Every structure is written in C-alpha cells, then in structure tokens.
Amino acid sequence: MEEFGKIVITSVSEAYTSKTCSRCGLIKMNLGGNKRWLIGEALDIMMNFYIQAANILDKILARKGTIKSLTLADGVKEKKKTYALICETLKFVIPRYVRVNTLKTSVDKVIKHFQAKGFTHEEPIDDLTNVGPKTIRRDKHLPDLLILPSNTDLHEDSLYLSGDIILQDKASCIPAFICSPPSNSHVIDACAAPGNKTSHLSAIMKNTGKIWAFDLDKSRLNLLKKLTQKAGCKNIEAIHESFLDVDPLDQKYSSVGYILLDPSCSGSGIINRLDHLIDSSETQEQSDHSHKLKERLESLIHSVQKIVYSTCSIHAEENEHVIKRALDQTDHFVLANKDVMMPSWPRRGISNEINDEGAAEKFIRTSPNEDYTNGFFVACFVRKATQYKNTKTVSKKRKRNEDNMIIKVRDDDEWKVSILKDDSLYKKANKNK
C-alpha cells in the first residue's frame, strides 16, 4: 500500500459506482503519473480501503464525529493510513492562506507581486469551495491575509524566502488579531513557539513595545527565534521557561497589558497534522496547571487589560469548559463583547457547554468544513471597569494591614489607605472618582 500514499479522495461516497458528490466531485487516484494495473483481490483490497475512508469523510463532513474518533473506531482497518489519507484529502478543502508581514511590505505590494507572476486579483468571497487556479484575493475578515488556491506551493517564492509573507492558516491568525495590542504595549505570549502568532503580534505593534515569548521546548523556541528574525521582529525576547514558572512580581513585567495564551491541547482541530492520532494526556496536564496559571494571571492583574485564550481544539472540555471555570474563579475579568470579536463571524461557542447563550456568542469557533480553515477556538477576557471595594484577602508576597483599604483609582494605580490613621488619601481617591 505504500505506493498509493499520494492518492487523494475527492469524493465522499460510493467509490465503486462513482456517484458525484456536490462538494468534492469523484474519486480521484493520483499515482504520480505512473499507470498501474491492479487486478483481482489486490483491486478489491485497495477499493475497500478507499471506500472505508470515503465513508469516514462523509461522517466528518456531516459533523457526526471527529477525524480522530472515527479513524480510531472499532472496525477501521489500517488506522494510521486511513487517518493520513483523510487529512490529505481535507487539505484540499482549505485554500492556501498567506499572511502579509507588514513589518516588511504591504498587502498591495504582495498582490502586485503575484499579478506579475500571472495571478488574477479577484474580489473577496464567502464560498471558497472552488478557488480558481492562479487567483489571489483578500480575506473578508483579516486585513493582512490573502487567499490563493490550495495547491499553490510558495516555499521557493522570493517573498516567502525573504520573510515578506508568512504561510499561516487563517484560524491561527485570529488570536493575535483579537488581541491587537497598540504600539508600545508590553505583551506576554505565554506558549509562543513556533512563533507565527508572536510575529503577528509584533507586526500589529509595528515593532514597538516589548513581547516576552515563553516556551518550555528549547528546539521549538529556537525555531521561534529563527522565524521571528526572518520576519524582521525586533521587539521580541524569547525565554526558555514555562510561563507557569515565571515570577509575576518581577518588575520587568509590571507594565504588561496583554497576554496571548495558546496552551497545549489535543490539536483535534488541525486537519493536516498526524501527531494527534493517539490520545495524549495534554488535556489533563492543562487541567492540572489551571490553578497555577490562575495564580500567575491574578498576580499580573494590576496591569493586564486583555487576555486572549485560544486552542486548535474542537473539544468543549478544552474550550467552553475552561472559560466557564475561569469566569467562576475571577472577579477581575469579563468576556469581551461580541462587537470586538469579529462580529460578522458566523460560528460561535456552544451554548449548552457553558450554559449561557449570551456568553457563547462572545466566542469564536472555526470549522474546516464550513469555514475553510482549521478548527480553532478563541475567547477574550477584558478587565472589568475600575472597582472600589474593601479587601482582606491578599497575596502572601504583598502583605497588607487588614485595616487598610485598597482603592483602585486608575487602571494602573493603587492607593493604599490606612483608615484608622489617616483619611487624607481616601478623600483624595474619592475626589478622583
């Protein structure tokens, strides 16, 4: 079966009778141009394999299961090869996305570059089922993203080699776009490698301010350094450390206003990656780290304005459930309103997984079958408006007298008031309401 590794299913059913599927056409065997004659039992085995894969693809497109669950089901033969074939087929559902690196060039210049190579510039569209050959168009939602046919190979293109364009799936571009730190911001990218989101943040910030990019995997962090250097990023400090182990009271993080949090997950939304065929323990590890993560975020609360949480997972356990627990555990943040979460985007959270339809509308979900991009989930927390309250529960590292009142006067300022000894600051604080 190794010689059939390049075969791609372009139908979703009835391989023997070759019935046409309205979405994908007919079965297509791409044997690299070499004709091979298969007879008797060998032909039956091969066709049974592809019929099995086509039936699984039918179920995936009908949203009756995930790639992982359906290919690992009892009765599925050649699980790994079936998984690989399904993923290879689904790659043809997703076009080639190109993020323009605005640190080096502009969208208009990139379009002209491809027009000079014979591409036709077309208007943005919703239905990307049949993107025409040698066409280029802007994305309807992300201003620095361009769309080309799925089979476009750009690895030798001069703009790719120079770092002027970055090959990045649309869904992967959404978290940094939602975060959108203004120029001169201080930002933490908590799980940064391999660095595409980090370089996107840098471009949005116009290479100003500071980005601390954390990752525990040294080889992946080295890749981040290489890719961000190629992209011309000058405001990134790569740190070989887990964000969970950082000292949040370190003075250099005192002005951090934005956090991008894209933790390890099952990867169940990625249709062209094979490393999640077998169940992993990452979801449990993420749950085990949740308390420690909460402590880090709470300790940074005095300056952080926005936290963007994203996963490349379709599972509610890693998405809506995580957000629900986070909201139950914090008094400092609320979900960002839908109007700042790509309001025209049609796919939202699963309301019965968070028991709040209003909250679910504030999430973004992407689906390969419906949105022509990998499966992703994005949520955004924003800091609540300034509040005035008494507090007696404080960090051990920041002990305060229980007779003192902490009054939040501005987003970046705290007034410590000794009620028993002096009320002058209290009056001053109230005057600044």
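Here are some notes:
- Other residues whose C-beta falls under 14 angstrom from the C-beta of Met205 contribute a net charge of +2, scoring Lys and Arg +1 and Asp and Glu -1.
- Shape of the range 70-200, Cα gyration tensor, a/c cut at 1.5: oblate
- Sorted peptide list for 229-238, 258-267, 149-158, 188-197, criterion being average Cβ within 10 angstrom, highest first: 188-197, 258-267, 229-238, 149-158
- Proxy reagent accessibility, fewest Cβ within 10 Å first, across Phe376, Phe119: Phe119, Phe376
- Cross-link pairs exceeding 25 Å between alpha carbons, from the set Lys59/Lys80; Lys197/Lys226; Lys170/Lys362; Lys104/Lys210; Lys80/Lys226; Lys170/Lys206: Lys80/Lys226.
- One chain, two ends: Asn369 and Asp328. Fully extended at 0.36 nm per residue, the span grows by 11.5 nm beyond their Cα-Cα distance.
- Distance between modelled label sites at Leu216 and Ser69, nm, 7 Å Cα→Cβ extension: 2.8
- Residues whose placed amide H lies under 5 Å from that of Asn184, excluding near-sequence neighbours: Thr208, Gly209
- Applied to the range 180-193, the Karplus parametrisation 6.51 cos²θ - 1.76 cosθ + 1.60 on θ = phi - 60° returns per-residue 3J(HN,Hα) values of 6, x, x, 4, 6, 6, 10, 9, 10, 9, 6, 9, 7, 4 Hz, with x for Gly and Pro.
A short reminder: the numbers here are calculations on the coordinates, not readings from a lab. As the structure is a computational prediction, the values presented were derived from the model and not from experiment. Don't worry about glycine lacking a Cβ; one is built from the backbone with ideal geometry, like all the others, and counts go over all protein chains shown.
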